[in-house]
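Comments concern the structure below.
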Amino acid sequence: MRDQDTGQREIRELYETDPNNVIFRPWNVNCTSRTPVQNLKDGFLRRVNCASKWYASYISSVNNNYSIKYQELIQNADDAGASTVVFIHDERHYGTHSLWTEELGKYQGPALYAFNDAAFTEEDWEGIQRAGRSIKQDDPTKVGRFGIGFNSVYHITDLPCVFSSEHLAIFDPQKMMFGEDEEGYRWSLNDEEDRESLLNLRDQFQPFQNIVSQVKSCTWEKVISEEQYFKGTLFRFPLRNEASEISDNLYNTTKVTQLFHSFIADADISLLFLRNVSSITLLHIDTNGLCNNRLKVSESNHFITDLSHIKQESFDRKTCFKTVSQISQQMEETKSQWLVTTCLLKQGYIPEIDSLANKLSFYPQADAAFRLDEDRSLCNGRLCCFLPLPNNEPNKTGLPIHINACFGLTDNRRFIKWQEEDQKNDESALWNELLTREILPHVYLKMILDAIQLSGNSALPSPTVYNIWPDLSKTVHKERWHEVAIDTLKDLFEYKIFHLADDEQIWVSASDAAFPVNNIRSDTMSAVSRLLIAEGENLDTVPEHVLKDVQEVFPESDTLTWVTQSYVRDVLHRSEAENLSKDDKYSLLEFALSDEKYTELQGLKLLPLSDGTFTSFGNGVQNTVLIDNESFQERFLPNDLSHFCTMQLRKLATRSKNIVSYLLSGMLIII
C-alpha cells in the first residue's frame, strides 16, 4: 500500500508531465454493479485513488483566483450544441429522510441550477473530471477551451451534481459523503437497481424532480422508467453555507442575485457571438415554490446571402442581421437590432498566424457587431471572447462596434493578453497582437462595405452606414484601437463610400465627392446644398466624425473638393441662379462675401437692390451711382439684407474709394 503523500506526489508528477493524465473520478471506482466501469480504460482507473486530496487542494487554489462565472456554463452549453440555457435560483429546502447517506442532508437546501438542452456524451463525462485542463483544449472551434471551466463552480458549492443522458452524478472531492475512499457517486439510468434508487429515494432526488418538470415539461418517472435517458444537462450546485476544505466562501441569496445582475447588465450582447445558444433564461423560485421569471433573452438571425460585390480571397466572411429580445421581470419585452460581420482568415495567407493557430489551437476568426437602433453617442464598443469581457476600461475600445475573437486571456480570464513588458514572449499575447493588426481592420472594413450594399438594397438606412464609422476623437487615447480605426479607414477610402445628398442610393469615392466644411452655419449650408444639388454637384453631407476621419486619414485631403467660398462662387459662375429664392440668394451672398475675396464676385448676379431685384457684380463704370451718405445708402440696398452683408458691401465700397476698380454694376457705394 502506498501512503497518501506518495500518491499525491505521483499525481503532481503526472500532472507536470502530462495534464491529460490527471483525472478526478467522482464516483466509486471499486463499486461493480452500480458503476458501468467497463467503458473506461484500465489506466484511467488506476490513477484516481490517489488523486482526490490533491484535486481538492487544486480546486481550493482555483477558488482563490477565480469566482463563479456563468460564462463557463454557457460556453460549455454552446460547445455541446445547446440552443437553450436556463439558470434557476431555488431557495427551497427539501426533505432529509429518504437520502442515499445521512451526510447528504446538509445539501438539501437552496441551490443554483444550470440547464441546457444538449445531453452529455461519453467525452463530456470524461472531460468534466479533468483537473485544470479541458478536453476541448485542442479543438479551436470550442469556446470553453481554457481549462478552468467546470472547476469554477466550486466557488459556490462543495458538492456539484450533474444529470444528463444516462447518468446522474454527485461530485465529492473531499470524500466526505460516500465513504472514505469515494470521491462521489454516479447512478445509471440503464441499471435497474439505480433506477429504483432514483425513484424511491424521494427526498434525495426531489430537487431534480421539481426542476426537470420545470425545464422539460416531463415527469421524473417518465424520464427514469420509460425513456431511461435525459435529453439535456441539468447541473445542481447546493449553495455553500459553511466553510470547507475547498473554500470558506459562503454563498447566499444576495450573492446569487448579484450573479444574476451581472448577467442582466450584459444580456443584450451575451448572445451576439455564440454559435448555438440562442436563448438564456433566469428564474427564481422562492421558499414557497413560486417561480418568477427574472429575464429571458433570445436572438434570431437573418443571414444575408447576396453580398458578393467585393471579393476577398484571403477571408471567408458573412454578415447577418440579429434581433435580440429581452423579456424582463415585469414581462415587458424590448428588442434590439444588430448588424454582425464575421471574417475567418484562410490558411496560407499569413504564415505567422497559421503557425500560432496550430500551436495554440486558436481560431483565426473575428467578429464585429453594431447596434442599429441605438443613439450612436451611447455606443461604447466592448471586447468579447465569445461572451462579453468585464465592463471596465481596458475592455472598452472607443469604437462604435463590439469586437469578438478567439483571444488569449489572462489567467483570471478578465482581460486580453498583450505584449507588454512581462509578456513579450507570451505566444498568446503575440496571437492577440496579430489578430488585432491583421484581421480586425478587415472585419471592420467588410462591415462598412456590406452596410453600404445593404443600404443600396434598401435593407438599411443610408445614414446608418456613417454611424458605423469610427470617431477618432474617442479612440485617440486608446492607441491599439486607434490604429485599428486608422488602418480600417485607409483601406476604406479606396471604395465608393459616400452617398449623394440628394440620392442616397448613389455612392461615390472621396475624390469624386464634395464635402462641406465644419464652419458653415446650418441655414447657410442649407442654401448652399440647394444650389449644389440643383447644379448636379456630388454633394455629400456627412456627420462631423466622418469629416474628421477624412481630414485626418485621407492622404493629401486638401486635394479633395471642399465646399468653400471659392468653390461655391465657381458653381455660381457656371449657374443661372435664377431659380434660387431671395432668401437663398441672401445666404449665398453672405457666404460669398465672408472670405473677402472680392475679385471673385465679378459676374455673380447676387447684388440685391431695394426694388427686390438682383444685379451682377462687375468692373464697368456704366450706370455708376456714388453715395457718400449712409442715409442715402438705405435707398439703394434692401431693408431686409443682413447686417453682415451690408457691412461687407460697405467694406467693399471703402476699399474702392480711391481706386475705382471694384464697382457694382449700376451702383458704387462710397462712404
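The values are calculated or read from the model by the stated rules, or taken from the named source; none is laboratory data. Just so it is clear, the model here is predicted, and its values are computed rather than measured. Backbone-built Cβ (ideal geometry, glycine too); neighbour counts: all protein chains shown. Ligands, DNA and RNA are stripped out before the accessible areas are found, and what is left, the full protein with its side chains, is counted by its heavy atoms. Shrake-Rupley method; radii C 1.70, N 1.55, O 1.52, S 1.80 Å.
Note on the range 590-616: residues that are under 15 Å from His573 (Cβ atoms) and of a type in the set (Gly, Ala, Ser) total 3. Highlighted here are the strands (runs of 3 or more DSSP E) found entirely within the range 205-321 that include at least 3 residues which are surrounded by fewer than 17 Cβ atoms within 10 Å (Cβ to Cβ) and at pLDDT below 95: 291-303. Check the range 572-580 and report whether any residue there is among the hydrophobic types (A, V, I, L, M, F, W, C) and closer than 25 Å to Thr464 by Cβ. Looking through the range 572-580, none of the residues is among the hydrophobic types (A, V, I, L, M, F, W, C) and closer than 25 Å to Thr464 by Cβ. Considering only the range 510-521, I want to know if a residue exists there that is crowded, with 20+ Cβ neighbours inside 10 Å, in a loop (DSSP other than H, G, I, E, B) and in contact with an Asp or Glu (Cβ under 7 Å, 6 or more places away or on another chain). Yes. Residues in the range 393-418 that are among the aliphatic types (A, V, I, L, M), open to solvent by less than 10 Å² (accessible area, probe 1.4 Å) and assigned to a strand (DSSP E or B): Ile403, Ala405.
For (1) part of a loop (DSSP other than H, G, I, E, B); (2) at pLDDT 95 or above; (3) open to solvent by less than 30 Å² (accessible area, probe 1.4 Å); (4) in contact with a Leu (Cβ under 7 Å, 6 or more places away or on another chain), each residue gets a yes or a no:
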position: Leu104; (1), (2), (3), (4): no, yes, yes, no
position: Phe115; (1), (2), (3), (4): no, yes, yes, yes
position: Asp124; (1), (2), (3), (4): no, no, no, no
position: Gly132; (1), (2), (3), (4): yes, no, yes, no
position: Asp139; (1), (2), (3), (4): yes, no, no, no
position: Val143; (1), (2), (3), (4): yes, no, yes, no
position: Pro173; (1), (2), (3), (4): yes, no, yes, no
position: Phe178; (1), (2), (3), (4): yes, no, yes, no
position: Asp194; (1), (2), (3), (4): no, yes, yes, no
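Whenever a residue of the range 219-233 is assigned by the TED database to the domain that holds Phe120, its partners that are aromatic (Phe, Trp, Tyr) and not in a helix (DSSP H, G or I), lying with C-beta atoms within less than 8 angstrom and at least six residues away or across chains, give the pairs Val223/Tyr229; Val223/Phe230; Phe230/Phe163; Gly232/Phe115; Thr233/Phe115; Thr233/Phe120; Thr233/Phe163. Residue pairs whose Cβ atoms lie under 7 Å apart, separated by 6 or more positions or on different chains, with the first residue in the range 567-592 and outside the structural domain of Met525 (by the TED database) and the second open to solvent by less than 20 Å² (accessible area, probe 1.4 Å) and hydroxyl-bearing (Ser, Thr, Tyr), are Ser587/Thr524; Glu590/Thr524; Phe591/Thr524. Restricted to the range 568-671, the set of helices (runs of 4 or more DSSP H) holding at least 2 residues that are open to solvent by 80 Å² or more (accessible area, probe 1.4 Å) and modelled with pLDDT under 75 comprises 630-636, 643-655. Run Thr488 past the list (1) open to solvent by 30 Å² or more (accessible area, probe 1.4 Å); (2) hydroxyl-bearing (Ser, Thr, Tyr); (3) assigned to a helix (DSSP H, G or I); (4) over 21 Å from Asp375 (Cβ atoms) and report the number of the one that doesn't hold. With respect to (1) open to solvent by 30 Å² or more (accessible area, probe 1.4 Å); (2) hydroxyl-bearing (Ser, Thr, Tyr); (3) assigned to a helix (DSSP H, G or I); (4) over 21 Å from Asp375 (Cβ atoms), Thr488 is out only on (1).
Of all the residues in the range 327-343, those that are open to solvent by 40 Å² or more (accessible area, probe 1.4 Å) and assigned to a strand (DSSP E or B) number 5. Of all residues in the range 418-459, those satisfying the criterion of being free of Cβ contacts under 8 Å to residues at least 24 places away in the same chain and in contact with a helix residue (DSSP H, G or I) (Cβ under 6 Å, 6 or more places away or on another chain) are Gln419, Gln423, Ala429.
Residues in the range 455-480 that are under 20 Å from Arg317 (Cα atoms) and either in a loop (DSSP other than H, G, I, E, B) or open to solvent by less than 10 Å² (accessible area, probe 1.4 Å) (or both): Ser455, Asn457, Ala459, Leu460, Val465, Ile468, Trp469.
In the set Ile448, Ile452, only one residue is open to solvent by less than 10 Å² (accessible area, probe 1.4 Å) and under 21 Å from Asp375 (Cα atoms); that residue is Ile448.
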